[in-house]
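See below for the structure under consideration.
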Amino acid sequence: MLYDLHIHTTASDGTSTPEDIVMQAEKLGLLGIAITDHDTTAGLTRGMNAIKEGAGKLDFIPGIELNAEINGVETHILGYFINHNNRALNNRLYQIKQERRDRADKMIAKIQDIGININIEQVKQFVKGEMIGRPHIAQALLAQGYVNSVGEAFKMYIGQGRPAYVNRYKFLPEEAINLIHGAGGVSIIAHPGLISRKEFIYELIAMGVNGLEVYYPDHHEEQIRWYRDLCNKFGLLLTGGSDYHGYNNKDSRGRLGSCGINQAGMDQIKNYHKSMPKLP
Ligand code: AMP
Ligand code: ZN
Ligand code: FE
Ligand code: FE
């Protein structure tokens with residue numbers, strides 16, 4: 001019986017709707033879930049409203065996963081119990097969304113320069129949530145017959161270093177952590193095992209991050225032990241989740257409910273959250 005605290009929906013790059021995720025979680029008999037879409041809170045209200053009342057009601061934790069980067073090191077920061085009406089958070093998320101649109105326009109212009117005729121409308125057909133990104137451009141290139149696979153679109157045109165690639169803005173880690181705290185949330189380093197520069201975990205701890213996602217499909221035993229010890233040493237929270245992106249989605253790291261924490265672990269996070277100073 002567990003809480004899966006890392007789940008994506010169609011609000012970002014998942015293929016299951018928030019309602020679908022709730023239904024699947026209820027069927028699996030999970031204790032609770034957190035929807036943690038990339039840089040958006042658009043799926044939270046829908047997920048919360050889809051939960052069936054009654055005995056064994058699914059516990060819903062509002063979450064987010066902010067993509068951050070500094071000096072070429074990418075790191076994702078999870079936020080839990082965030083107030084998704086928080087103005088500072090919403091303003092920044094709105095800006096990020098706008099920047100993604102501008103970037104898509106720029107990338108399409110570069111693709112047109114190469115002599116390939118795709119337009120923004122063809123790309124938008126593949127956007128399910130509010131976020132437009134390279135996967136949608138790749139799908140449009142595929143649909144129009146310019147490439148034979150999504151992977152080929154990245155390899156030829158939109159992958160890093162390719163002619164139609166445009167960099168996109170990512171949060172600075174410190175900003176991501178502060179935005180989450182400012183919105184009353186608990187901040188967690190997502191999948192620390194995927195961070196390329198290991199020492200960076202200590203820097204994130206120094207920035208005031210509240211915990212680590214210790215239990216993650218790609219973490220092996222040794223890593224789990226190491227992160228668990230680190231959390232105990234620094235008095236940090238331990239979380240876990242599957243990073244589910246939907247059935248048959250290549251970004252899914254594990255099945256829904258394949259990774260997570262138990263009730264005792266969840267209680268620790270809740271108690272920690274309750275003890276945090278509340279901002280006016
Ligand atoms: P964006 O945030 O718009 O830069 O797009 C990033 C997303 O593109 C990632 O989450 C992956 O899902 C996808 N992606 C990146 N590289 C590749 C690749 N070589 N083949 C297929 N998908 C990729
Ligand atoms: Zn994702
Ligand atoms: Fe991530
Ligand atoms: Fe994720």
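Every read-out reported here was derived from the displayed coordinates using simple, explicitly stated rules and does not represent laboratory data. From a predicted model like this one, the values you see are computed outputs, not experimental measurements. FYI the Cβ positions are ideal-geometry reconstructions off the backbone, even for glycines, and counts take in every protein chain you see.
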Under the Karplus relation with 6.51, -1.76 and 1.60 and θ = phi - 60°, whole-Hz ³J(HN,Hα) for the stretch 269-279, x at Gly and Pro, equal 5, 4, 5, 4, 4, 4, 7, 5, x, 8, 7
The answer for the net charge of residues other than residue 254 whose Cβ lies under 14 angstrom from its Cβ, with Lys and Arg +1 and Asp and Glu -1, is -2
If I take every Cα pair under 8 Å that is 6 or more residues apart in the stretch 185-280, average their sequence separation and divide by the length, what percent do I get for the relative contact order?
24 percent
If the cut-off is 27 Å between C-alpha atoms, which lysines fall inside it for residue 250, apart from same-chain ones fewer than 8 positions away?
27, 97, 106, 110, 124, 128, 155, 170, 198
Among the GluC sites (Glu not before Pro) in the stretch 185-280, which ones are in a DSSP loop with at most 13 other Cβ atoms within 10 Å of the Cβ? Mind listing them?
199
The relative contact order of the stretch 1-76, taking Cα pairs under 8 Å that sit 6 or more residues apart, comes to a percentage of 31 percent
Considering all alpha-carbon pairs of the stretch 48-120, what whole percent are spaced by more than 13 angstrom?
78 percent
Specify the inter-centroid distance of the stretch 1-45 and the stretch 167-204, based on alpha-carbon positions, in whole Å.
21 Å
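For a footprinting-style exposure proxy, rank 224, 201, 64 by other Cβ within 10 Å, fewest first. Show your work: numbers first, answer last.
Numbers: 224 16, 201 19, 64 28.
Sorted ascending by nearby Cβ count, the order is 224, 201, 64.
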Using θ = phi - 60° and the Karplus curve 6.51 cos²θ - 1.76 cosθ + 1.60, what whole-Hz ³J(HN,Hα) does each residue of the stretch 241-254 get, with Gly and Pro shown as x?
x, 8, 6, 5, 10, x, 4, 6, 8, 5, 7, 5, 8, x
Quick check: net charge around residue 173, other residues with Cβ under 9 Å of its Cβ, Lys/Arg +1 and Asp/Glu -1?
-4
Estimated inter-spin distance, residue 276 and residue 247, nm [label 7 Å along Cα→Cβ]:
3.5 nm
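Take 238, 172 and order them by how many other Cβ atoms sit within 10 Å, fewest up front.
Values: 238 20, 172 13.
Ranked by crowding around the Cβ, least crowded first: 172, 238.
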Helix-derived mean residue ellipticity, 222 nm - over the chain, DSSP H n ≥ 4, -39500 (n - 2.57), to 500
-11500 deg cm²/dmol
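Loop only by DSSP, 16 or fewer other Cβ within 10 Å of the Cβ. Give me the chymotrypsin sites (Phe, Trp or Tyr not before Pro) in the stretch 188-280 that pass, ordered by residue number.
On the way: sites: 200, 202, 215, 226, 227, 234, 244, 247, 272; in loops: 247.
Here the sparse-neighbourhood loop sites are 247.
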Nearest 20 debye, what's the magnitude of the dipole of the stretch 182-280 about its Cα centre given +1 on Lys and Arg Cβ and -1 on Asp and Glu Cβ?
240 debye
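Is the shape of the chain rounded, prolate or oblate, going by the alpha carbon gyration tensor and its root eigenvalues a ≥ b ≥ c, with a/c under 1.5 for rounded and a/b larger than b/c for prolate?
Since a/c reaches 1.5 and a/b is larger than b/c, the shape of the chain is classed as prolate.
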Residue-by-residue Karplus 3J(HN,Hα) for the stretch 87-101, coefficients 6.51, -1.76, 1.60, Hz, glycine and proline x:
5, 4, 4, 4, 4, 5, 5, 5, 4, 4, 5, 4, 4, 5, 5
Rounded to the nearest Å, what's the spacing between the alpha carbon centres of the stretch 249-280 and the stretch 59-90? Just the number, please.
13 Å
Proxy exposure order for 252, 275 (fewest C-beta within 10 Å first) is 275, 252
